[in-house]
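Encoded as structure tokens, the structure appears first; notes follow it.
The values are calculated or read from the model by the stated rules, or taken from the named source; none is laboratory data. These numbers were taken from a predicted model, which means no experiment stands behind them. Cβ sites come from the backbone with ideal geometry, for glycine too, and all protein chains shown count toward neighbours.
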Amino acid sequence: PKRRDEQAEPSRTESRQAADRERGKYLTTAQGVRLPDTDHSLKAGPRGPSLMEDFHLREKITHFDHERIPERVVHARGAAAHGTFRAYGNASSVTKAGFLQKGRETPVFVRFSTVLGSRGSADTVRDVRGFAVKFYTDEGNFDLVGNNMPVFFIQDGIKFPDVIHAGKPHPDVEIPQAQTAHDTFWDFVSLHTEATHHVMWAMSDRGIPRSYRTMEGFGVHTFRLVDAEGRTSLVKFHWKPVAGVHSLVWEEAQIAAGADPDFHRRDMADGIDAGAPLEYELGLQVLPDSDDEMFEGIDLLDPTKIIPEELAEVQLVGKLTLDRNPTNYFAETEQVAFHTGNLVPGIEVTDDPLMQARLFSYLDTQLTRLGGPNFTQLPINCPHAAVNDNLRDGMHQTLIHHGQAPYLPNSVDDGLPRTATEAEGAYVHRAVEVGGPKVRANPASFDDHFSQATLFWKSLSGIEKVHVIEAFTFELGKCFSTTIQERMLESLARVDAELCAAVADGLGLPAPDGTPAEDVTPSAALSQIPTGPGPIA
Ligand code: HEM
């Protein structure tokens, strides 16, 4: 771990670790007292009750009693690895971010996760996967907190508690596969048609990746890059796996979930141990900055939309290699704290209303999850850049700060930090114009909920289409409510008539009125699919 505050004494963690190494020969209490026996409590006679006076018994049991912290409210199930990001240097034309300049190597910690399952759930369930990268750059930590799908279910973060409540295990029995849990998810999705595009991705093979090493990653939102001259551009971040994109088929995913619930984390850990690192290239879709923040009719603030790669090429700007397993799952994977607000000069956020809510949510939840405001001092969260903040005290403070006047400006303490200029590396926000009436509303450009869902469907190969039809049929088939199934079919009808007809047939329901192609029958739909295994039973 790096020293977090250059003005402070070595942290307790560091001095403890040094001390532990020096006297590691003997088992001790937390106070450093050597122990003669850790298998027998101190008793009043061999058959007597244990004595209150047994400080070792009480310390050992008490510490054990408090070993757990709350799991993440979402993305609780995860696995992580250390590695390095090497920049090719071509991104310097669009951003001044130091870690993207030519030849720069930056340590990283990456946590992959599922969204809805608890910490002990299975890896291969159908779900979105988190792809969170912490870059320990010379200019401070930059977190790219992404997913393996490029769009999101909702356009405004105020609905995040709602979509998660609808998808998490049902609150009475906490069974994710309960009929009612399927009802709540599909109820939400069919009542919020903005979710349709993301649901198409989730029901596709992307929802059951074969391995973390064969997953793409996406920053989802549009970011604003700033170059050394202060020029700006808008950008979408992509991770492209060197091993290619590969998925499981549904039957494999189900078998793996039962036979080896650790399928993905085992694959990553074993691969790294065997000398096969996970590799990805970072890609940028660079778009012109503009007052309306639109590109080819696509609203760049709408997180339910992609920019098709045909319209803006993904330019590869660096390589991520994950080649070291964590030393301790709890200290690293469980305690790592990603935050979309961890930005470095040259990378800014936009006003995407999903991103805006995220900027509040991560720090807020970590205050509870990690027990107060000092979790940035945990070794896994420590920036590798020098830190000299005037933040003081609080639960779990591990630093011994010097001085008497932790405020600026002051004329009392010598040697306090001063603020930096932009030329000295300060993070200075671009002076982007904002304005307008105070309203609870979306722009009209957010109203198109289906065209990109259709685009996604049309981009699939025949067998991929069959998998999507099977997934919708299976998942909607678990719904208790026919009303919800019918409402979802209405959405699918607006995505594609063949898709809708095939799913309706699978559910034993009529395709809804208004399905455009009258002559479309499920078997006709499937016969048009070039490589599928045939009509679904
Ligand atoms: C956790 C991604 C939307 C709140 C995470 C994690 C990822 C992620 C990857 C796991 C981080 C880890 O490994 O520790 C995303 C993406 C989103 C999104 C890509 C949309 C594009 C949101 C929204 C909110 C939110 C809208 C709230 C308004 C949270 C919270 C956590 C979390 C509270 C748990 C963090 C922790 O306990 O450390 N998210 N998320 N997310 N996300 Fe999001």
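Side notes on the structure shown:
- Scanning the range 215-240 for residues that are away from the ligand (no atom under 13 Å from the Cβ) and part of a loop (DSSP other than H, G, I, E, B), we see that the one that is surrounded by the most Cβ atoms within 10 Å (Cβ to Cβ) is 227.
- Answer residue from the range 410-453, given it is of a type in the set (Lys, Arg) and free of Cβ contacts under 8 Å to residues at least 24 places away in the same chain and is farthest from residue 224 (Cα to Cα) among those: 418
- Test: residue in the range 325-342 that is among the small types (Gly, Ala, Ser), closer than 21 Å to residue 95 by Cα and within 16 Å of the ligand (Cβ to nearest atom): yes
- Flag for residue 170 being at pLDDT 95 or above and more than 30 Å from residue 105 (Cβ to Cβ): no
- Long-range neighbours under 8 Å by Cβ, at least six apart or interchain, first residue touching a residue at least 12 places away in the same chain (Cβ under 8 Å) within the range 364-385, second more than 15 Å from the ligand (Cβ to nearest atom) and of a type in the set (Phe, Trp, Tyr): 383/136; 384/136; 385/136
- Only residues that are among the β-branched types (Val, Ile, Thr) and buried (at least 21 other Cβ atoms within 10 Å of the Cβ) were counted across the range 470-489, and they come to 1.
- The combined condition, being out of contact with any strand residue (DSSP E or B) (no Cβ under 9 Å at 6 or more places or on another chain) and within 18 Å of residue 160 (Cα to Cα), is fulfilled by residue 360.
- When residue 488 is tested against (1) under 27 Å from residue 354 (Cα atoms); (2) under 26 Å from the mean Cα position of the chain (by Cα), only condition (2) is not met.
- Looking at 296, 281, just one residue is out of contact with any strand residue (DSSP E or B) (no Cβ under 7 Å at 6 or more places or on another chain) and at pLDDT 95 or above, and that residue is 296.
- The residue pairs whose first member lies in the range 462-484 and is modelled with pLDDT of 95 or more, whose second member is of a type in the set (Ser, Thr, Tyr) and assigned to a helix (DSSP H, G or I), and whose beta carbons are closer than 8 Å, counting only pairs six or more residues apart or on different chains, are 484/190.
- Residues that are outside any loop (DSSP other than H, G, I, E, B) and either in contact with a Cys (Cβ under 9 Å, 6 or more places away or on another chain) or among the polar types (S, T, N, Q) (or both) were ranked within the range 375-399; the one that is surrounded by the fewest Cβ atoms within 10 Å (Cβ to Cβ) is 376.
- Residue under evaluation residue 439, criteria (1) surrounded by fewer than 17 Cβ atoms within 10 Å (Cβ to Cβ); (2) in contact with an Asp or Glu (Cβ under 8 Å, 6 or more places away or on another chain), criterion not met: (2)
- When the range 277-316 is filtered for residues that are away from the ligand (no atom under 16 Å from the Cβ), in a loop (DSSP other than H, G, I, E, B) and either in contact (Cβ under 8 Å) with a residue 60 or more places away in the chain or within 20 Å of residue 346 (Cβ to Cβ) (or both), the ones remaining, listed by number, are 277, 289, 290, 291, 293, 308, 312, 314.
- Members of the range 409-431 that are at pLDDT below 95 and surrounded by 11 or more Cβ atoms within 10 Å (Cβ to Cβ): 410, 413, 416, 417
- Pairs where the first residue, in the range 52-76, is farther than 18 Å from residue 32 by Cα and in contact (Cβ under 8 Å) with a residue 40 or more places away in the chain and the second is part of a loop (DSSP other than H, G, I, E, B) and not charged (D, E, K, R), C-beta under 6 Å, 6+ apart: 74/115; 75/115; 76/118
- Residues of the range 141-167 satisfying the condition of being crowded, with 18+ Cβ neighbours inside 10 Å, under 22 Å from residue 204 (Cβ atoms) and in contact (Cβ under 8 Å) with a residue 40 or more places away in the chain: 146, 147, 148, 149, 150, 151, 152, 153, 154, 155, 167
One line per residue, one yes/no per condition, for (1) modelled with pLDDT under 95; (2) of a type in the set (Asp, Glu):
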site	(1), (2)
180	yes, no
183	yes, yes
197	no, no
203	no, no
223	no, no
227	no, yes
233	no, no
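- Residue in the range 64-86 that is part of a loop (DSSP other than H, G, I, E, B), farther than 30 Å from residue 165 by Cβ and out of contact with any helix residue (DSSP H, G or I) (no Cβ under 7 Å at 6 or more places or on another chain) present: no
- Scanning the range 124-146 for residues that are within 22 Å of residue 182 (Cα to Cα), of a type outside the set (A, V, I, L, M) and near the ligand (Cβ under 9 Å from one of its atoms) yields 129, 130.
- Residues of the range 147-203 that turn out to be assigned to a helix (DSSP H, G or I), within 9 Å of the ligand (Cβ to nearest atom) and of a type outside the set (Val, Ile, Thr), as a count: 4
- Residues in the range 284-300 include none that are surrounded by 15 or more Cβ atoms within 10 Å (Cβ to Cβ), over 22 Å from residue 224 (Cα atoms) and in contact with a His (Cβ under 8 Å, 6 or more places away or on another chain).
- Among residues of the range 59-77, those that are more than 16 Å from the ligand (Cβ to nearest atom) and loosely packed, with under 15 Cβ neighbours inside 10 Å, counted: 8
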